[in-house]
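The structure appears below as structure tokens.
The values are calculated or read from the model by the stated rules, or taken from the named source; none is laboratory data. In this text the structure is predicted, and so the values were computed from the model without any measurement. With ideal geometry, Cβ positions are generated from the backbone for all residues, glycine too; neighbour counts draw on all protein chains shown. Note: accessible area is taken over every heavy atom of the protein model, side chains too, but ligands, DNA and RNA are not part of it. Shrake-Rupley method; radii C 1.70, N 1.55, O 1.52, S 1.80 Å.
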Amino acid sequence: MYKYDEIDQRLVDERVAQYRDQTRRYLAGELSEEEFRPLRLQNGLYIQRLAPMLRIAVPYGMLSSKQLHKLADIAHSYDHSYGHFSTRQNLQLNWPKLEDVPDILAELASVEMHAIQTSGNCIRNITTDQFAGVAPDEIIDPRAMAEVMRQWSTFHPEFALLPRKFKIAVSGTKDDRAVVQMHDIGMEFYLDNHNKVAIKVWVGGGLGRTPILGAVIREHLEWQHALTYCEAIVRVYNLHGRRDNSYKARIKILVKALGIDEFRSQVEAEWAHLKDAPNTITEAELARVAKHFEAMPYANLPAHDASFDAAIVSNPVFANWAKRSLHAHKTSGYRAVTLSLKPHGKAPGDATSEQMHVVADLAEQYSFGELRVSHEQNLILADVKLSDLFAVWEKARVYGLATPNIGLLTDIICCPGGDFCSLANAKSIPIAQAIQMQFDNLDYLHDIGDIELNISGCMNACGHHHIGHIGILGVDKDGSEWYQVSIGGSQGNNASIGSVIGPSFSADEMPAVVQKLIDVYIKERTPEELFIDTVRRLGVAPFKAYVYAQDEVTA
Amino acid sequence: MSQLIKLNDNVASIAENEWTVVQLPPSLVEARKQAGKVVLFKLTGEQTVSEEQISGTVIPESGKVIVPLSVFIACKAQLQARINAGEIGVWLDTHEVLADLAEHQSDLNQLPIIAVHVERFADGRIFSLGLLLRTRYSFKNELRAIGDVLRDQLFFLKRSGFDSYLIRADRNAEEAMLSLNDFSAPYQGAVDETRPAFVRYNRVA
Ligand code: SF4
């Protein structure tokens, strides 16, 4: 993965000094609450319901063992010994003290990490596929470009104070796992007719109050122009995006107001001036960065491993885990492994300091000292030998990291919600936990099969509820917490936004509501049909009828 | 003490302010307008400048003055002698359109100073405006940030082409000056240094 040089290190060190002074001035009363707000936000520090929340950047989800050990130590020294991995592939600490943050940043800087632009109205962490570099369907490893873009967007002076937050995702696979259509800018790398790396650029996607899929602004952009083209897009947005109403301030609203054609022509007019400007990426720079993402020194292994095959046959528990948690790998004899942060009844995405140390050790021992965070809030060991999988499983199991539910109903994507987040309408974690307990039967879960259930505590949609096959959104009705349910959302190439099935439910009702949705699916599905496909085939009506009909009978 | 910071050859110092900013009289109507010409049919809540405001604006008879863009456009003929004498600068709000200025003043470098007024420090349009003035319109004279100008935005203002900063009256300009140098090796090219780090340095993997 990318290693800092002097320039990178100097920047994060200077950042620590800058933020230390900003904090000092705030505590001394030299900066007002309002003035400090964007400063702390650009550094990932929210003031939450119970305490500040600090969001630490994990650029495109990549971590080294050393970094994860450090995060575990920080969570232990400055927090309640756990952290929360977010849907933006970042790590959130829920209980740091405001006055400790400069010290935390200094610790982070010592392992080439920071919290720069993890919130606030600026360009956020650039996200990508958690299987980048190892996925068999990968056309281009997007990480080098993601890193080039990370550097470009870091303290970009022109875009330091945008109308609203700005999220960029990059992907280089046939099957989009980075949800590029849901981002302010999505970049899909591919090889063009001349076998050159090109980018299909999407703009104006996003969740939140007005969920919308991005539109294609450019079918073909040569990779050299990625930065200048983004500059043209973000400049048009910076100048003309709404600033009077934060709900209407995202780029998607501007794109919609202008129409994609008008928006495109403004961007192209701007880009005519920017094309080939000094921020054009050079071959040398891409090559320099790409060096950090070269293939691991893999062993030459056969496609099968006898000990692995034997363990699968003899140990059904291991086999169950393997079925859900292993992913195909480019290299023969290797697998990517997802370690579940979704044990039933725990807050999705949470990891204790102890678990972080364990995962860091596993990565060190079995996966070249690196790991990834997925936007589904799990941890990935990307390069494990078949012959090591059993050992990984045994250790992961002891520490509650081997729930065999990856991609199943209880692998819930869930935002921190009302337990922590001051913007929340409703709690989300207890809903996730209640659903996990309702479906706490592995055979049944496997029978239900692949399904995504996403929960957000409010319109801001950090839990990506719109693109859950089942989406749950916390809403506020007369001061009490209710939940709106949608079905039919989806991520990936065939992305869609779910439809709300009807009036919302109380927290108590939620496990039964999900149960009824599943009941309809089980009854109606054709062999091999996944939940999402049944919903697409039948529409919302039969689900709705059953959920609400039952309601009346019991009422 | 003066609240003005000026940058000369990348060296910042507190400077005397020779320029008076001419204000528009307050508007009596709650007027709303579209954000410039570019975004159609879009209410932004920005106030438009009324005819009454323009005619009610008092421009001092002598001395160096920075007049509002709308007044400059309306009164350019009367001001021409003073423009030639280098006594007139122009300021604009962040929602105003640079093309309007360029349309009425083809050679911007005839103006010794252009100021951009930022009403709330969190309004980042000022950065794009500065950059465009420097790059697209090749403005070479003094470019000043006025209004809610605070220390923690100075580094970005500098990189966006501003070389003078009128710090908000209740803040210490001397201390603010320090933040112009918050970062010594920024990654991306901008106005002050057009070459990105990967061009400036020999970065080896
Ligand atoms: S979706 Fe709402 S409640 Fe959940 S983390 Fe985001 S802002 Fe907070």
Problem - Flag if A:G369 is within 22 Å of A:L442 (Cβ to Cβ) and away from the ligand (no atom under 16 Å from the Cβ) - result: no
Handout entry: Residue under evaluation A:H357, criteria (1) closer than 19 Å to A:R55 by Cβ; (2) open to solvent by 20 Å² or more (accessible area, probe 1.4 Å), criterion not met
Key = (1)
Exercise for the section: May I ask you to verify whether A:G333 is touching a residue at least 12 places away in the same chain (Cβ under 8 Å) and at positive phi? Expected result: yes
Exercise for the section: Evaluate the following for A:G449: is it touching a residue at least 12 places away in the same chain (Cβ under 8 Å), open to solvent by less than 60 Å² (accessible area, probe 1.4 Å) and under 20 Å from the mean Cα position of the chain (by Cα)? Expected result: no
Handout entry: Unique residue being among the aliphatic types (A, V, I, L, M), at pLDDT below 95 and open to solvent by 50 Å² or more (accessible area, probe 1.4 Å) when the list is A:L39, A:L50, A:L98, A:L45
Key = A:L50
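Given the options A:H357, A:H375, name the one that is outside the structural domain of A:H465 (by TED's automatic domain parsing) and at pLDDT below 95. Lay out the reasoning, then the answer.
Working: A:H357 fails: at pLDDT below 95.
Of the residues listed, the single one that is outside the structural domain of A:H465 (by TED's automatic domain parsing) and at pLDDT below 95 is A:H375.
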Exercise for the section: Determine if the stretch A:156-163 includes at least one residue that is at positive phi and either assigned to a loop (DSSP other than H, G, I, E, B) or in the same structural domain as A:G418 (by TED's automatic domain parsing) (or both). Expected result: no
Exercise for the section: Answer yes if at least one residue in the stretch A:423-439 is more than 16 Å from the ligand (Cβ to nearest atom), aromatic (F, W, Y) and open to solvent by 50 Å² or more (accessible area, probe 1.4 Å), and no otherwise. Expected result: no
Fill in the blank from the handout: Of the residues in the stretch A:370-387, those that are over 17 Å from A:P59 (Cβ atoms) and acidic (D, E) number 2
Practice task
Among residues belonging to the stretch A:53-82 that are in a loop (DSSP other than H, G, I, E, B) and at pLDDT 95 or above, point out the one that is nearest to B:L150 (Cα to Cα).
Solution key: A:A57
Exercise for the section: Scan B:R134, B:R203 and give me the residue that is touching a residue at least 40 places away in the same chain (Cβ under 8 Å) and within 12 Å of chain A (Cβ to nearest Cβ). Expected result: B:R134
Exercise for the section: Answer yes or no: is there a residue in the stretch A:403-413 that is buried (at least 24 other Cβ atoms within 10 Å of the Cβ), within 12 Å of the ligand (Cβ to nearest atom) and farther than 18 Å from A:L341 by Cβ. Expected result: no
Handout entry: Check on A:E14, in a helix (DSSP H, G or I), within 11 Å of chain B (Cβ to nearest Cβ) and over 26 Å from the mean Cα position of the chain (by Cα)
Key = yes
Exercise for the section: Quickly run through the stretch A:273-306 and pick out the residues that are more than 10 Å from every other protein chain (Cβ to nearest Cβ), open to solvent by 70 Å² or more (accessible area, probe 1.4 Å) and either in a helix (DSSP H, G or I) or modelled with pLDDT of 95 or more (or both). Expected result: A:K275, A:D276, A:E283, A:P297, A:N300, A:P302, A:H304, A:A306
Exercise for the section: Can you give me the number of residues within the stretch B:167-200 that are small (G, A, S) and either farther than 25 Å from A:Y2 by Cα or more than 7 Å from chain A (Cβ to nearest Cβ) (or both)? Expected result: 4
Fill in the blank from the handout: The correct count of residues that are touching a Leu at 6+ places or on another chain (Cβ under 6 Å) and touching a residue at least 60 places away in the same chain (Cβ under 8 Å) in the stretch B:94-129 is 1
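A quick yes/no check of all residues on (1) modelled with pLDDT under 95; (2) within 19 Å of A:A257 (Cβ to Cβ):
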site	(1), (2)
A:A178	yes, no
A:G186	no, no
A:A198	no, no
A:G204	no, yes
A:T210	yes, yes
A:I217	no, yes
Completion exercise
In the stretch A:467-487, anything without any contact (Cβ under 8 Å) to a residue 12 or more places away in the chain and among the charged types (D, E, K, R) is listed as A:D478
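Rundown of residues vs (1) closer than 29 Å to A:G492 by Cβ; (2) aromatic (F, W, Y); (3) in a helix (DSSP H, G or I), yes/no style:
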{"site": "A:P348", "(1), (2), (3)": "yes, no, no"}
{"site": "A:A360", "(1), (2), (3)": "no, no, yes"}
{"site": "A:Q365", "(1), (2), (3)": "no, no, yes"}
{"site": "A:Q377", "(1), (2), (3)": "yes, no, no"}
{"site": "A:E394", "(1), (2), (3)": "no, no, yes"}
{"site": "A:S422", "(1), (2), (3)": "no, no, no"}
{"site": "A:A434", "(1), (2), (3)": "yes, no, yes"}
Problem - Positions within the stretch A:207-255 being open to solvent by 10 Å² or more (accessible area, probe 1.4 Å), in contact (Cβ under 8 Å) with a residue 24 or more places away in the chain, within 12 Å of chain B (Cβ to nearest Cβ) and not in a helix (DSSP H, G or I), in sequence order - result: A:R242, A:R243
Problem - Sole exception among (1) away from every other protein chain (no Cβ under 14 Å); (2) crowded, with 22+ Cβ neighbours inside 10 Å for A:R164, by number - result: (1)
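Okay, residues lined up against (1) open to solvent by less than 10 Å² (accessible area, probe 1.4 Å); (2) without any contact (Cβ under 8 Å) to a residue 40 or more places away in the chain; (3) in contact with a Leu (Cβ under 9 Å, 6 or more places away or on another chain); (4) under 22 Å from A:M182 (Cα atoms):
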residue: A:N460; (1), (2), (3), (4): no, no, yes, yes
residue: A:G489; (1), (2), (3), (4): yes, yes, no, yes
residue: A:S499; (1), (2), (3), (4): no, no, no, yes
residue: A:S504; (1), (2), (3), (4): no, yes, yes, no
residue: A:D508; (1), (2), (3), (4): no, yes, no, no
residue: A:P511; (1), (2), (3), (4): no, no, no, no
Fill in the blank from the handout: Of the residues in the stretch A:388-402, those that are open to solvent by 10 Å² or more (accessible area, probe 1.4 Å) and either within 16 Å of the ligand (Cβ to nearest atom) or of a type outside the set (D, E, K, R) (or both) number 6
